[in-house]
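Student: Please see the structure below; I have some questions.
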Amino acid sequence: MKLFLDSADFDAIASRWETGLIDGITTNPTLIRKSGRDPLEVYQDLKELGVQDISMEVTGETADEMIHEGEALNKQFGSVGTIKVPCTREGLRACRHLSKARIKTNVTLVFSAAQAILAAKAGATYVSPFVGRLDDQSVAGLEVVRSISELYRIHRMETQVLAASIRSIQRVVRSFYNGAEICTLPVDVFDKMYDHILTDAGMDIFRNDIIETNERLSTMPSLGGVVRHDPYDSFDR
């Protein structure tokens, strides 16, 4: 299982990257626009941060334009760059060309198993079904993830399923349960994966117990000058 962050906010990415739990980054024109920065600068900063897999979406409309842009990005960023193309006729033509050149590709805007079959045939490294957008249309996004994953498993396709448009922790877990190798998620959803009310309650109990233990021990004779301290003092109470 791999977790990618779906973001172009460098500061937000950098602080989560330090956890060692993030495997890659996906970007798109909307996220780049929100960052207010030149996409090439964002990609370079992420590369220098140490990210080894960055999905970089091309903006051309024809296959030739996408190929030209993809090759230029590959020349500048090498294997760090995964060229993101749309699941259209032109996009899959570009995917086929780039894949034959051993350039990693991510076919995006996938909404059906049929599209995923074509993407795999085109040699895509990743295929990105959009779970949340499918759910918005009263289509079971997770079922699309499951059907793609099962088809790839049966036919031993090398293309990996990268579940995208993830809006909740439940969708992260269920995407993996339904066969996705990777989930890309917004920073806020990643942050929420840490949280559980019972974990918080348990930590409160541990803090109270260690305080009581130290208070009791403080009334006992000193053990050779050993200084007792609260190991939870550094926690944000």
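Student: Tell me the angle of helix 39-49 to the major Cα principal axis of the chain, expressed in degrees between 0 and 90 and rounded to the nearest ten.
Tutor: Orientation of helix 39-49: about 40 degrees from the principal axis.
Student: In whole Å, what three semi-axes, largest first, describe the equivalent ellipsoid of the chain built from its Cα gyration tensor (square root of 5 times each eigenvalue)?
Tutor: Working: eigenvalues 389, 92, 41 Å².
Equivalent-ellipsoid dimensions as semi-axes: 44, 21, 14 Å.
Student: What share of Cα pairs, in percent, lie more than 17 angstrom apart in region 96-159? Display every interim value, and only then the final one.
Tutor: Numbers: 759 of 2016 pairs.
The share of Cα pairs beyond 17 Å in region 96-159 comes to 38 percent.
Student: Using Cα atoms only, what is the angle between the long axis of helix 141-155 and the major principal axis of the chain, expressed in degrees (0 to 90) to the nearest 10?
Tutor: Long axis of 141-155 versus the principal axis of the chain: about 70 degrees.
Student: In the chain, once you exclude exposed chymotrypsin sites (Phe, Trp or Tyr not before Pro) (DSSP loop, at most 15 other Cβ within 10 angstrom), what's the longest stretch remaining?
Tutor: Values: sites that count: Tyr194, Tyr232, Phe235.
Answer from the scan: 1-193.
Student: Looking only at Pro39, Pro221, Pro86, which one moves most when the chain is put into a Gaussian network model with springs between Cα atoms under 10 Å?
Tutor: Highest fluctuation of the listed residues: Pro221.
Student: How far, in degrees from 0 to 90, does helix 63-77 lean away from the longest principal axis of the Cα atoms of the chain, to the nearest 10?
Tutor: 40 degrees
Student: Of Asp209, Asp45, Asp136, which is the most mobile in a GNM of the chain whose springs link Cα atoms less than 10 angstrom apart?
Tutor: Among Asp209, Asp45, Asp136, the largest mean-square fluctuation in the Gaussian network model of the chain belongs to Asp209.
Student: Here is a follow-up. Could you list the GluC sites (Glu not before Pro) in region 152-217 that lie in coil according to DSSP, counting only those with at most 15 other Cβ atoms within 10 Å of their Cβ? Don't skip to the end; give the middle numbers.
Tutor: Numbers: sites: Glu158, Glu181, Glu212, Glu215; in loops: Glu158, Glu181.
When the GluC sites (Glu not before Pro) of region 152-217 are filtered for loop state and at most 15 Cβ neighbours within 10 Å, Glu158 remain.
Student: For Ser79 and Arg156, what is the calculated FRET efficiency with R₀ set at 22 Å and r taken between the beta-carbons, to the nearest 0.05? Please report the intermediate quantities before stating the final value.
Tutor: On the way: r = 24 Å, r/R0 = 1.09.
Here the calculated transfer efficiency is 0.35.
Student: How would you rank Ile182, Ile211, Ile205, going from fewest to most other Cβ atoms within 10 Å of each one's own Cβ? Spell out each step's value before the answer.
Tutor: On the way: Ile182 22, Ile211 13, Ile205 9.
Final ranking by Cβ density, sparse to dense: Ile205, Ile211, Ile182.
Student: Evaluate E = 1/(1 + (r/R0)^6) for Asn214 and Leu49, where r is the Cβ-Cβ distance and R0 equals 41 Å; express this FRET efficiency to the nearest 0.05.
Tutor: Details: r = 41 Å, r/R0 = 0.99.
Given R0 = 41 Å and the Cβ-Cβ separation, E is 0.50.
All of the numbers you see were taken from the coordinates with simple rules; none came from a lab. All of these numbers come straight from a predicted model, not from anything done at the bench. Every residue, glycine as well, gets a Cβ built from its backbone with ideal geometry; the counts of neighbours run over all protein chains shown.
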